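Written below as structure tokens is the structure these notes are about.
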Amino acid sequence: MNAIHTKNLTKEYDGFKAVDNLNLKVEEGEIYGFLGPNGAGKTTTMLMLLGILKPTQGEIYIMGEPLSKNPLSTKKKIGVVSEKQYLYKEMTAQEYLSFFADLYKVKNKKDKIEELLSAVDLLDARNKKLGAFSRGMQQKLGFARALLHEPELLLLDEPVSGLDPTGIKQIRDLIEKENKKGKTIFISSHLLSEVEKLCTKVAIINKGKLLAEDTMENLKRRLTDFIQLEIELTEITKQIIDTLNSFDFVKEVKGEKNILTLKVTSDKDHRAEISSAIAQKGGVVLGIKKRDISLEEAFITITQKNISLLAKGEEDV
């Protein structure tokens, strides 16, 4: 079953389509990254998934149920963490979670609150006023609040934005822990390095349209035309460099000491052909390392033309 399924989801404002016939499929148990530049339609989509905005057309299914037919029941299955936490600064962490536990009608709320504060490493700060909380502490408290009613699905909008490295790791560990418990995680973010570490599947949206939805490895492969190889030799000679430069699939050759760095096309694995050519010129290959491009590097290289080509490639499949 899909945890999230949108069918032709569209949101229009005075003739402008902020979201345009968006079809997403997020399977149960996935950590799913929702990516796109500013203004792509990510926030509008999130607000529709939460039932805050009503679609102009299309349908949203959460855990197999139409959001439009029973919104209150469906929303109880969702936990939300936004980019910024809006806290009651005069409350303590204990009071804040108790307030929401009453709204959610959480059973054994005292034990549940203690369990969650411990899980986010805030148990010692339970009686501290929220106005004195750091950004990282606020974000972790937001996670505790989102988990109070034991939702099946977590919707996270820029969950680590503005956090220091320690805070980012704490939130990342918490996301992975909840996923191991069986929760589906939907993350909207522009921090691609974090998405790459966490997500099993990603989607790219631009100008309201879904351009790609695939596994991390497949998407990275489609977003770049080149890969980098580092080749360790006993000795680098001019003959070896000239031979490698003669191949059409080799776009760049650099040598330093006994390491050759090659930029080659990603259409297939060229390592065997390269090794053979080096051997024919008397070279001895001690090792070849392939450096995969990161999701962040791949995404940064995309121009509007690249995005259009990516979308065209999907249509041809």
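The values are calculated or read from the model by the stated rules, or taken from the named source; none is laboratory data. This structure is a prediction, so every number in the text was calculated from the model and none was measured. We place every Cβ from the backbone using ideal geometry, glycine too, and count neighbours over all the protein chains shown. With ligands, DNA and RNA removed, areas are computed over all heavy atoms of the protein, side chains included. Shrake-Rupley method; radii C 1.70, N 1.55, O 1.52, S 1.80 Å.
Data table
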| read-out | value |
| --- | --- |
| Nitroxide proxy distance, nm - points 7 Å out along Cα→Cβ at F16 and N218 | 3.4 |
| Cut-off 14 Å, label 7 Å out along Cα→Cβ of K89, residues of the stretch 97-132 by amide N | 129-132 |
| Per-residue HN-Hα couplings for the stretch 271-284 [Karplus 6.51, -1.76, 1.60; θ = phi - 60°; Hz; x = Gly/Pro] | 5, 5, 5, 5, 4, 5, 5, 5, 4, 5, 9, x, x, 10 |
| Shape category assigned to the stretch 225-291 from the gyration tensor of Cα positions, a/c cut at 1.5 | prolate |
| Candidates per GluC sites (Glu not before Pro) in the stretch 1-77, loop by DSSP, up to 16 other Cβ within 10 Å | E28 |
| Residue with peak Gaussian network fluctuation, the chain [Cα springs, cutoff 10 Å], from Q170, Q280, Q94 | Q280 |
| Environment charge of E230, counting only residues whose C-beta is closer than 14 Å and scoring Lys/Arg +1, Asp/Glu -1 | +3 |
| Structure-based [θ]222 nm, the chain - -39500 (n - 2.57) summed over DSSP H runs of at least 4, per residue, nearest 500 | -10500 deg cm²/dmol |
| The stretch 185-259: chymotrypsin sites (Phe, Trp or Tyr not before Pro) in DSSP coil with no more than 16 other Cβ atoms inside 10 Å | F247, F249 |
| D248/D292 FRET efficiency (R0 22 Å; Cβ-Cβ; nearest 0.05) | 0.50 |
| Paramagnetic reach from R271 in the stretch 215-243 [backbone N under 18 Å; point 7 Å along Cα→Cβ] | 217-218, 221, 226-234 |
| Net charge of Cβ neighbours under 13 Å - reference K183; Lys, Arg +1; Asp, Glu -1 | -3 |
| K169 versus N127: modelled label distance in nm, points set 7 Å from Cα along the beta carbon direction | 3.1 |
| Accessible area, probe 1.4 Å, largest first, for residues H149, H190, H270 | H190, H149, H270 |
| Quarter of Cα convex hull surface for the chain, i.e. mean projection, nm² | 20.4 |
| FRET efficiency, 1/(1 + (r/R0)^6) with R0 22 Å, evaluated for S193 and K110 via beta carbons | 0.05 |
| Share antiparallel - DSSP beta bridges, the stretch 2-215, percent rounded to 5 | 55 |
| Most mobile of V202, V284, V81 in a GNM of the chain (Cα contacts under 10 Å) | V284 |
| Prolate/oblate/rounded label for the stretch 75-128 (Cα gyration tensor, a/c 1.5) | rounded |
| Environment charge of K201, counting only residues whose C-beta is closer than 10 Å and scoring Lys/Arg +1, Asp/Glu -1 | -3 |
| Full-stretch length increase - L72, E232 - with 0.36 nm per residue and alpha-carbon distance subtracted | 51.5 nm |
| In degrees, nearest ten, helix 165-180 long axis to first principal axis of the chain (Cα) | 80 |
